[in-house]
Structure formats: structure tokens, C-alpha cells
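Take a look at the structure set out below.
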Amino acid sequence: MRLAIHRGTHEIGGSCVELGNGACRILIDIGMPLVGSDGERFEFRKYRGLDREALLKEGVLPDVYDAFLGDGRNEECPIKGLLVSHAHLDHYGLLKYVREVIPFYLGEATLRLMELSAAMTGEKFTIGNPRHFEHGVPFECGRFTITPFLMDHSAFDAYGFLVESDGKRVLYSGDFRSHGRKPGRLPELFAKVMPGVDALVLEGTLVGSERDVTLTEEQLEKQAAAIIKKSPKAVCAYFSAQNIDRLVSFYKAALRSDRLFVMDVYLAMLLIRLAETKSHPQVPVPGFKNVRVIFPQNICSRLRKHGVLDEAIAKCGQYKIDYAGIEGNLSRVVMAVRPSMIDFMKQIPGLEGSTLIYSTWRGYEKDAYCKRLMDFGREKQMQIEYLHTTGHASPETLKEVIKRLQPKRLIPIHTLHPELYSMLGDNVVQLQRGEALEL
Ligand SMILES: [Zn+2]
Ligand SMILES: [Zn+2]
């Protein structure tokens with residue numbers, strides 16, 4: 001088996017891995033870079049009008065032969081599949097440029113998340129023929145046998161993959177952690193994957209980072225409840241709409257304080273879509289205790305454009321709360337907010353003096369999108385609190401994974417510091433971008 005990392009050897013984001021056996025190849029992830037070649041935040045807007053050839057030339061698309069350009073006909077492609085680990089853009093953001101002839105393998109809930117977030121951003125998004133895999137169920141793809149393992153990560157429905165071919169085994173961790181709401185995931189992985197894998201391709205977002213993991217999601221939930229209890233007025237919580245673990249933390253914190261949990265109709269539909277998937281996850285959809293739904297105009301028009309509004313009204317309408325309803329319950333409300341809801345929030349009388357909990361990575365705070373919300377909070381003299389925990393594994397967790405899987409080669413990915421992996425374990429092989437490693 002051959003392995004190459006086309007992006008992600010020395011960076012966080014834009015992950016793309018290729019595995020090959022003879023002429024047969026598969027790809028894992030096709031992410032949008034987070035940082036450009038100039039070291040600045042990567043802005044895809046600059047390249048939006050370009051076609052695949054130009055994007056390859058500009059280095060926006062990773063240099064993967066056969067992945068993006070064919071001769072126009074539906075000829076046999078040596079790339080037998082693209083596996084998508086989870087619904088974070090840094091893992092699937094360039095997917096729409098991948099040739100249609102290549103089948104996409106992904107979790108059912110991952111696809112639902114991708115579809116709805118595209119509807120919100122107005123992006124056109126279709127996957128012609130998605131193939132859904134399930135946790136722990138092996139499937140064949142060309143000369144490879146792939147077993148997906150559900151991981152604990154800030155994105156819902158995130159997977160790592162065990163890829164086997166001709167007696168060789170590669171484990172791709174994807175993004176993961178052990179302090180979220182699914183602590184049983186790693187023990188299950190250790191029970192099912194025999195030690196001595198030929199290669200462990202391991203994410204290392206926190207390797208060499210100052211950020212420490214001090215909070216589990218449950219501890220965060222308790223701290224959120226404490227903030228809510230001491231807040232005399234509404235509590236607005238800002239977190240990524242895709243971070244379902246965090247949503248559950250705030251929902252439970254709201255229940256602990258006997259408050260209403262208010263979400264917008266987009267978030268409500270996202271949860272409904274997840275709950276409809278085959279694994280039926282227990283997520284707090286409308287109808288759950290204390291859940292209320294708001295219908296901001298801008299979000300409704302997006303849903304209408306996407307053909308989802310009628311369904312949303314039918315499923316969420318009876319749980320609707322309006323400005324007056326919120327005003328009348330200010331001391332009883334925990335509301336999930338995002339910058340796109342500022343216009344709605346402006347119309348709630350008496351929001352002054354409420355609390356705004358910032359619950360995502362601090363690095364986003366200065367981005368224009370996020371800054372609008374924080375500025376709005378300050379304008380309204382909101383009490384601003386910071387409460388977050390990372391979606392990624394601590395160095396201690398990484399060490400534990402290495403100790404249990406005893407890889408013959410430990411391969412850094414999704415990290416700024418591959419050179420520090422030697423402090424985590426032995427047999428480190430630092431690959432350069434595109435370099436092929438024979439296993
Ligand atoms: Zn990532
Ligand atoms: Zn991720």
C-alpha cells in the first residue's frame with residue numbers, strides 16, 4: 001500500500017490523503033485550506049470564479065492526479081472513492097471540484113449537515129450519488145477494505161478510518177478528542193483495532209499549542225449553568241451551529257436552570273434532519289422540554305429559497321416564540337445566537353444588560369463576521385463571558401492513542417508542529433506534501 005498526504009503535513013486544515021495499491025487509489029478528505037501560502041487566513045472568495053484547471057494552477061486544489069480533471073467522458077477512473085471524515089469545511093470544502101465519476105462515501109448525518117449549511121450560505125451543493133457508511137461496518141472500495149469508526153469531535157458524525165489492503169493497515173484518525181460527549185469512542189476503537197498498525201495518520205491540532213484542554217463538555221455544561229443562574233436577564237450563547245455537543249451542553253444547562261431554550265428555525269431544522277437519520281441520535285429537537293423556535297426573516301427567506309420553509313413551519317410552528325414572547329420571559333431564556341441573527345435580536349425589547357456567552361475558538365473573535373455580534377453585544381451592554389473547550393485531542397490523549405495502537409509509522413497530519421510528534425511516540429515519519437510512502 002502507498003500513502004501520500006497532499007495537504008495537511010505542516011498545516012491545520014485542507015486535509016487530503018491518498019492511499020494506493022497498484023493502479024487503484026482512494027482519497028480521504030478534500031478540505032478547504034484555513035491558511036494560504038502567504039501564511040494569512042485563506043480567502044476562497046478571491047478564487048471563486050476560477051475553473052478547476054485554474055484552481056489547480058493556483059495551488060488551491062491539491063495536486064492530485066485524476067481527482068479533478070478527466071477527459072470529459074465518464075471513463076473508468078483509477079480513484080475508486082473519496083471518503084469524507086466529517087462536515088467541517090477544512091475536510092470537505094473542495095469536494096464540489098472532485099470529478100463526478102468518483103463516488104463519495106460519508107456518514108448520512110454528515111451529508112445532512114453539509115446540505116443545510118450550504119442552504120444557509122447560498123452555495124449550490126449537490127452530491128450525485130452519495131454512499132453512506134456506518135460506524136464499525138466494513139465496506140469494500142476497489143482493493144481496499146474500509147472500517148469507519150465514529151469519533152468524539154466537535155462536528156457531529158465524525159469518523160476515523162481503518163483502511164486495509166493486502167495485509168497492510170492504515171488508521172486515519174480524522175479530527176477527534178476524548179473530552180466530549182462520546183467518551184466511549186476511543187476505548188471501542190482500541191478494542192477493535194489490533195495494535196501494530198502499519199501507519200497511524202494522526203491529527204495534532206494541539207501539538208505544540210499553548211491551548212490546554214481544561215474542560216470536558218460536561219464541566220462546560222456546569223459552568224454554563226452557573227453563568228445562567230447568576231444572569232438576571234436573557235442569556236445568548238454563540239457557538240458553531242455544527243457543534244451539536246455544545247448545543248446539548250447549553251440545552252442541558254438551560255434545563256438545569258429551568259429556562260427556555262430558544263433556537264432559530266435553521267438550527268431546529270438541522271436537528272430535525274439529524275434526528276431523521278438512520279441512527280436516530282437523541283438531539284433536542286422542537287418538542288423536547290422547554291425548546292422554543294424563532295423565525296428570523298433573513299433565515300426564513302434562505303429556507304424558502306431552498307424549499308424547506310413550509311416543512312419548517314409545519315414541524316416547528318407550534319413551538320414558535322416571537323419578540324414579545326422573549327421580552328415577556330427575558331429572565332427565563334437561553335438563546336442560541338449567531339451573527340446572522342443580529343437583525344432579529346435588535347427587535348427584542350429589553351435585551352440590554354443580558355449575557356452573551358462566546359463559546360467558540362477565540363481566534364475567530366476578530367473576524368468581521370463574528371466581530372459584528374460581539375460589537376452588538378457591547379452596544380447592548382451585555383455581560384460578555386468566554387466559555388469554550390476545544391474539539392481536538394490533548395497531547396495526553398494523542399499519547400494514549402499511540403500507546404494503544406503501537407504504529408509502525410506515526411505520521412503527523414492536521415498540525416503546525418510535525419517536528420514535535422517525537423515527544424508523543426516513536427517511529428515518526430514526517431512526510432512532505434505529495435511525498436509517497438511505501439508501506
Ligand atoms: Zn479539521
Ligand atoms: Zn473538525
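Taking the stretch 375-384 as the range and being touching a strand residue (DSSP E or B) at 6+ places or on another chain (Cβ under 7 Å) and either polar (S, T, N, Q) or farther than 11 Å from Ser354 by Cα (or both) as the test, only Gln383 passes.
Looking only at residues that are within 22 Å of the chain's Cα centre (by Cα) and of a type in the set (D, E, K, R) in the stretch 71-116, which one is surrounded by the fewest Cβ atoms within 10 Å (Cβ to Cβ)? Step through it out loud before you land on a result.
Going residue by residue through the stretch 71-116, those that are within 22 Å of the chain's Cα centre (by Cα) are 81-98, 103-116.
With the extra rule that they be of a type in the set (D, E, K, R), the set shrinks to 90, 96, 108, 112, 115.
Numbers: Asp90: 23, Lys96: 14, Glu108: 18, Arg112: 21, Glu115: 17.
That would be Lys96.
The set of residues from the stretch 368-379 being of a type outside the set (Lys, Arg) and either in contact (Cβ under 8 Å) with a residue 12 or more places away in the chain or outside the structural domain of Tyr238 (by TED's automatic domain parsing) (or both) comprises Tyr369, Cys370, Leu373, Met374, Phe376, Gly377. When residues in the stretch 412-422 are screened for being touching a residue at least 40 places away in the same chain (Cβ under 8 Å) and either away from ligand 1 (no atom under 16 Å from the Cβ) or out of contact with any helix residue (DSSP H, G or I) (no Cβ under 9 Å at 6 or more places or on another chain) (or both), 6 of them pass. Summed over the stretch 178-187, residues that are away from ligand 1 (no atom under 15 Å from the Cβ) and either surrounded by fewer than 20 Cβ atoms within 10 Å (Cβ to Cβ) or within 19 Å of Ala109 (Cα to Cα) (or both) total 6. Taking residues in the stretch 380-401 that are in the same structural domain as Asn427 (by TED's automatic domain parsing) and aromatic (Phe, Trp, Tyr), and partners anywhere that are at pLDDT below 95 and assigned to a loop (DSSP other than H, G, I, E, B), not one pair has Cβ atoms closer than 6 Å while being at least 6 places apart or on different chains.
Out of the residues in the stretch 117-130 that are in contact with a Leu (Cβ under 8 Å, 6 or more places away or on another chain) and farther than 18 Å from Ile244 by Cβ, which is surrounded by the most Cβ atoms within 10 Å (Cβ to Cβ)? Once the filter is applied, the top-ranked residue is Ile127. Residues that are of a type in the set (Val, Ile, Thr), under 25 Å from the mean Cα position of the chain (by Cα), surrounded by 18 or more Cβ atoms within 10 Å (Cβ to Cβ) and under 25 Å from Asp375 (Cα atoms) occur in the stretch 297-305; there is at least one.
So for the stretch 226-243 (the condition being surrounded by 18 or more Cβ atoms within 10 Å (Cβ to Cβ) and assigned to a helix (DSSP H, G or I)), does at least one residue qualify? Within the stretch 226-243, one or more residues are surrounded by 18 or more Cβ atoms within 10 Å (Cβ to Cβ) and assigned to a helix (DSSP H, G or I).
Looking across Val84, Val35, one residue alone is more than 19 Å from Ala118 (Cα to Cα) and within 16 Å of ligand 2 (Cβ to nearest atom). It is Val35. If the condition is being away from ligand 1 (no atom under 16 Å from the Cβ) and within 12 Å of the chain's Cα centre (by Cα), then the stretch 144-155 contributes no residue at all.
Within the stretch 199-207, identify whether any single residue is assigned to a strand (DSSP E or B) and away from ligand 1 (no atom under 15 Å from the Cβ), and answer yes or no. Break it down into steps so the answer makes sense when it comes.
Here is the first cut: in the stretch 199-207, the ones assigned to a strand (DSSP E or B) are 199-203.
Among the residues that remain, those that are also away from ligand 1 (no atom under 15 Å from the Cβ) are: 199-200.
Yes, the conditions are met somewhere in the stretch 199-207.
Quickly run through the stretch 87-105 and pick out the residues that are assigned to a helix (DSSP H, G or I) and either within 14 Å of ligand 2 (Cβ to nearest atom) or touching a Ser or Thr at 6+ places or on another chain (Cβ under 6 Å) (or both). Leu89, Asp90, His91, Tyr92, listed by residue number. Somewhere in the stretch 158-175, is a residue without any contact (Cβ under 8 Å) to a residue 12 or more places away in the chain, away from ligand 2 (no atom under 14 Å from the Cβ), of a type outside the set (Phe, Trp, Tyr) and surrounded by fewer than 21 Cβ atoms within 10 Å (Cβ to Cβ)? Yes - at least one qualifying residue is present in the stretch 158-175. For the stretch 89-143, filtered to residues that are small (Gly, Ala, Ser) and within 16 Å of ligand 1 (Cβ to nearest atom), the residue that is modelled with the lowest pLDDT is Ser117. If you go through the stretch 156-177 and pick out every residue that is away from ligand 1 (no atom under 16 Å from the Cβ) and among the hydroxyl-bearing types (Ser, Thr, Tyr), you end up with 1. State yes or no: is Phe261 under 22 Å from Phe376 (Cα atoms), in a helix (DSSP H, G or I) and within 27 Å of the chain's Cα centre (by Cα)? No.
The values are calculated or read from the model by the stated rules, or taken from the named source; none is laboratory data. Quick caveat: nothing in here was measured; it's all calculated off a predicted structure. Every residue, glycine among them, receives a Cβ derived from its backbone with ideal geometry; neighbour counts consider all protein chains shown.
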